[in-house]
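Here is the structure we will look at.
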Amino acid sequence: MLAAALPAFLASLVEFVEALTIVLAVGTTRGWRSATTGTAAGVALLAILVLAFGPMLGRVPLGILQAVVGAMLVFFGLRWLRKAVLRYAGIIALHDEATIYERRVGSLRADAARPGFDWVGSGTAFNAVVLEGLEVIFIVIAVGATAGALIPASLGAAAAGVVVVGAGFALRAPLARVPENSLKAIVGVMLSAFGTFWFGEGLGVAWWRDDVSLLVLVAGYVLAAALGVALARRAHARPRRIPA
Amino acid sequence: MQLLRTIVLEIAGLFIEDRWFALATALVLGAFALAATTHVIEPHIGGYALFAWLAAVLIGGVLYAARSERG
């Protein structure tokens with residue numbers, strides 16, 4: 001149960017923090033009515049999507065579901081892990097919620113409010129909630145559906161939502177102290193390991209001691225990421241050779 | 001329409017950021033699927049071979065990005 005709830009919680013935490021940053025920026029610049037209207041509409045659309053497509057998952061044969069979701073998890077997890085490695089190696093800038101918040105506040109203030117319904121503010125909050133929410137739904141399905149643990153994965157994601165939304169509204173500020181880069185690295189490792197496991201399982205791989213192999217895969221991806229950071233730092237620091 | 005386009009791009013962006021990295025990942029997954037379905041690969045070691053290839057793609061992708069970003 002924890003094996004599905006924990007990755008869903010950690011990955012959803014990152015997505016909720018990103019959505020909250022934008023919703024807070026809308027609330028403080030355009031008013032809380034625009035922010036809550038856009039958020040409520042986004043949540044309603046996500047609920048409709050889950051109700052419409054969720055039951056279909058039960059009809060897909062398990063092997064195919066494992067292989068397809070495993071492949072998607074590998075793409076998703078390795079993408080996050082690659083980015084985290086590049087950030088740790090100092091090749092790309094660290095993700096900074098405070099800077100993103102300031103930038104978003106600036107652009108929302110520049111777009112002057114017109115009389116009537118605030119389409120810009122509500123639309124911005126709606127976009128953020130739908131886009132980040134779709135990622136949360138994908139994570140829950142990917143982590144939960146293949147293991148028959150959709151409920152623990154959903155509870156993990158819901159807990160992340162409660163934590164982030166509660167903290168955000170208590171502070172009325174973006175959660176800049178959440179170690180988003182470290183979280184992305186941890187989740188990248190977990191999702192890559194789950195993805196490799198499910199993809200192999202779906203294609204008939206006989207994993208050593210079944211689920212225990214997941215721990216081996218997690219350790220393997222941690223080592224690969226650490227090696228990646230060391231090699232990338234060296235490659236980045238080496239001066240470029242200029243032809244004579 | 002603009003929202004739909006944004007959503008489609010955002011969903012694709014969930015999986016693809018660097019096209020060469022995504023292509024290398026797809027090639028490894030495709031080759032493994034072919035090997036597994038044609039029983040070319042031993043089921044007991046196949047999973048670890050898959051991991052080794054994916055780890056190599058990760059490290060290769062990171063090194064490629066590091067060299068590309070070098071000033």
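For B:11-22, what's the mean count of beta carbons from other chains sitting within 10 Å of each residue's beta carbon? If you can, show how the numbers build up before the last one.
Numbers: counts 4, 0, 3, 10, 10, 3, 6, 4, 0, 0, 4, 3.
Mean shielding by partner chains, rounded to a whole number: 4.
Using only the Cα atoms, work out Rg/Rh for chain B, with Rh taken as the Kirkwood radius, to two decimals.
Details: Rg = 16.1 Å, Rh = 14.3 Å.
Using only Cα positions, Rg/Rh for chain B is 1.13.
Report the far tail of the P(r) of region A:184-244, meaning the percent of Cα-Cα pairs longer than 17 Å. Walk me through the intermediate numbers first.
Working: 958 of 1830 pairs.
For region A:184-244, the share of Cα pairs beyond 17 Å comes to 52 percent.
Sorted by average packing, counted as other Cβ atoms within 10 angstrom per residue and highest first, what order do A:21-29, A:218-226, B:46-54, A:50-58 take? Walk me through the intermediate numbers first.
On the way: A:21-29: 23.6, A:218-226: 17.9, B:46-54: 21.0, A:50-58: 10.9.
Put in order of decreasing packing, that is A:21-29, B:46-54, A:218-226, A:50-58.
Treating each Cα of region A:132-217 as an identical point scatterer and ignoring solvent, apply the Debye formula and state log10 I(q)/I(0) at q = 0.22, 0.23 Å⁻¹.
After summing over all Cα pairs, the log10 values are -1.17, -1.23.
Determine one quarter of the surface area of the Cα convex hull of chain A, which equals its mean projected area, and express it in nm² to one decimal. Walk me through the intermediate numbers first.
Details: hull surface 68.3 nm².
Over every viewing direction, the Cα hull of chain A projects on average to 17.1 nm².
Is there a quick way to get the dipole size of chain A? I mean about its Cα centre, with the Cβ of Lys and Arg at +1 and of Asp and Glu at -1; what is the value in debye to the nearest 20?
Dipole about the Cα centre, nearest 20: 900 debye.
Could you compute how much accessible area chains A and B hide from each other, both sides summed, with a 1.4 Å probe? Nearest 100 Å² is fine.
The summed interface area works out to 3900 Å².
Subtract the Cα-Cα distance of residue A:56 and residue A:43 from 0.36 nm times their separation in residues, and report this length gain in nm to one decimal.
Details: separation 13, 0.36 × 13 = 4.68 nm, distance 2.05 nm.
Extra length from residue A:56 to residue A:43 when fully extended: 2.6 nm.
Ranking request for peptides B:58-68, A:39-49: highest mean number of other beta-carbon atoms within 10 Å first, then the rest in descending order. Display every interim value, and only then the final one.
On the way: B:58-68: 20.2, A:39-49: 15.8.
Output ranking for B:58-68, A:39-49: B:58-68, A:39-49.
Can I get the semi-axes of region A:42-88's equivalent ellipsoid? Compute them from the C-alpha gyration tensor as square roots of 5 times the eigenvalues, in angstrom, largest first. Write down the numbers at each step before the final one.
Values: eigenvalues 154, 72, 3 Å².
The answer is 28, 19, 4 Å, longest axis first.
Averaged across orientations, what area in nm² does the convex hull of the alpha carbons in region A:42-139 project? Intermediate results must be reported in sequence, preceding the final value.
On the way: hull surface 35.9 nm².
Dividing the Cα hull surface by four gives the mean projection, 9.0 nm².
Per residue of the protein assembly as shown, what 222 nm ellipticity follows from adding -39500 (n - 2.57) for every DSSP H run with n ≥ 4, rounded to the nearest 500?
Details: 11 runs with 249 residues, N = 315.
The helix-only estimate for the protein assembly as shown comes to -27500 deg cm²/dmol at 222 nm.
Let me confirm one metric for peptide A:118-128, namely the mean number of other chain beta-carbon atoms within 10 Å of its residues' beta-carbons. Each step should come with its number before you reach the end.
Values: counts 0, 0, 0, 0, 0, 2, 0, 0, 1, 5, 0.
Partner-chain Cβ atoms within 10 Å, mean over residues of A:118-128: 1.
The values are calculated or read from the model by the stated rules, or taken from the named source; none is laboratory data. On a predicted model such as this, the values are computed, not experimentally measured, just so you know. Using ideal geometry, Cβ is built from the backbone for each residue, glycine included, and neighbour counts are taken over all protein chains shown. In case anyone asks, the SASA skips ligands and DNA or RNA and just uses the protein heavy atoms, side chains included. Shrake-Rupley method; radii C 1.70, N 1.55, O 1.52, S 1.80 Å.
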